[in-house]
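Each remark here refers to the structure printed beneath this line.
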Amino acid sequence: MNLLSAKNISHSFEYELFSDVSLSLNSGESIAIIGMSGSGKSTLLHILSTLLRPNGGEIELFGKNTQQLKQKELSLIKRKELGLVFQSHYLFKGFSAYENLEVAEILSQQKIDKELLKALDIQHCMHQKVTELSGGQQQRVSIARVLTKKPRIIFADEPTGNLDKKTAAEVIKLFFEYCQNNDAGIILVTHDEKLANLCDNVYQLENKKLQKIK
């Protein structure tokens, strides 16, 4: 099943960042986007996840043109169907790790998965304040918060940037298993070509164009 389709996307700030960008994501599929710093990878991810509106082109999510959706319908899709993982964790600082997951549980009406906490090795620090956790632990809590929602599409911007290589490999494996088991898909932005090549498809954003290289 097609989850996302981007057609002829273009975007500019003070200068043209990219143009005529097209890609699609299906159930169970993983896509990596690589490119030089400043090439627009994160901006493209923000557009694909509807955080940012493109200057040109269109995005379809689950067969629906996002520009034709009412704001309430788009907000519901973002809350229930899309999961965003950033290198900056955006956790609620005054809350414990578990309270952060409870927010996701309430909003999505999905139960916190104890096995997920074990897989991410964070079950022992659930009742610590977020500010007491290491950067790597905070990143894993933010990943758990996203997966607790049971999203159909995961958008991940440098999701393993704060993790050591062993933990990073385990987290990527967890993402892939999640997508296979839940008919979901993932689009990740990374500077790590080795990590990118673990994905089904790899795109490179270079000279304002997106090219498929795997």
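Just to be sure I understand the filter: pairs with C-beta atoms under 8 Å, separated by 6 or more residues or on different chains, first member in segment 163-178 and under 13 Å from ARG140 (Cβ atoms), second member of a type in the set (Ser, Thr, Tyr) and open to solvent by less than 60 Å² (accessible area, probe 1.4 Å). Which pairs pass?
From segment 163-178, the pairs are THR167/THR160; ALA168/THR160; VAL171/THR160; ILE172/THR160; PHE175/SER30.
I'm trying to understand the selection: among the residues of segment 169-189, which are in a strand (DSSP E or B), touching a Ser or Thr at 6+ places or on another chain (Cβ under 7 Å) and closer than 12 Å to PRO159 by Cα?
Restricting attention to segment 169-189, the residues satisfying the condition of being in a strand (DSSP E or B) are 185-189.
Add one more test, that the residue is touching a Ser or Thr at 6+ places or on another chain (Cβ under 7 Å), and what stays is 185-186, 189.
Listed by number, the residues that qualify are ILE186, VAL189.
Look through segment 33-68, keep the residues that are open to solvent by 50 Å² or more (accessible area, probe 1.4 Å) and among the small types (Gly, Ala, Ser), and return whichever of them is nearest to GLU105 (Cα to Cα). It would help to see each step written out before you state the result.
Of the residues in segment 33-68, the ones open to solvent by 50 Å² or more (accessible area, probe 1.4 Å) are 36-38, 46, 51-53, 55, 58, 63-64, 67-68.
From the residues that got through so far, the ones that are among the small types (Gly, Ala, Ser) too are 37-38, 63.
Numbers: SER37: 35, GLY38: 35, GLY63: 26 Å.
Result: GLY63.
Of all residues in segment 105-137, which are aliphatic (A, V, I, L, M) and either outside any helix (DSSP H, G or I) or without any contact (Cβ under 8 Å) to a residue 12 or more places away in the chain (or both)? I'd like the intermediate steps shown before the answer.
Initial filter on segment 105-137 (aliphatic (A, V, I, L, M)): 106-107, 112, 116-117, 119-120, 122, 126, 130, 133.
ILE106, ILE112, LEU120, ILE122, MET126, LEU133 - these are the residues of segment 105-137 that are aliphatic (A, V, I, L, M) and either outside any helix (DSSP H, G or I) or without any contact (Cβ under 8 Å) to a residue 12 or more places away in the chain (or both).
I'm told ARG140 meets every condition in (1) of a type in the set (D, E, K, R); (2) without any contact (Cβ under 8 Å) to a residue 40 or more places away in the chain; (3) open to solvent by 40 Å² or more (accessible area, probe 1.4 Å) except one. Can you identify the failing condition by its number?
(3) is the only condition that ARG140 fails.
Inspect segment 69-90 for any residue being outside any helix (DSSP H, G or I), at pLDDT below 90 and open to solvent by less than 50 Å² (accessible area, probe 1.4 Å) and give the result as yes or no.
Yes, segment 69-90 has at least one match.
The values are calculated or read from the model by the stated rules, or taken from the named source; none is laboratory data. What you see is a predicted model, and the numbers here were worked out from it, not measured in a lab. Quick reminder, even Gly has a Cβ in these numbers, built from the backbone with ideal geometry, and neighbours come from all protein chains shown. SASA here: full protein model, heavy atoms, side chains in, ligands and nucleic acids out. Shrake-Rupley method; radii C 1.70, N 1.55, O 1.52, S 1.80 Å.
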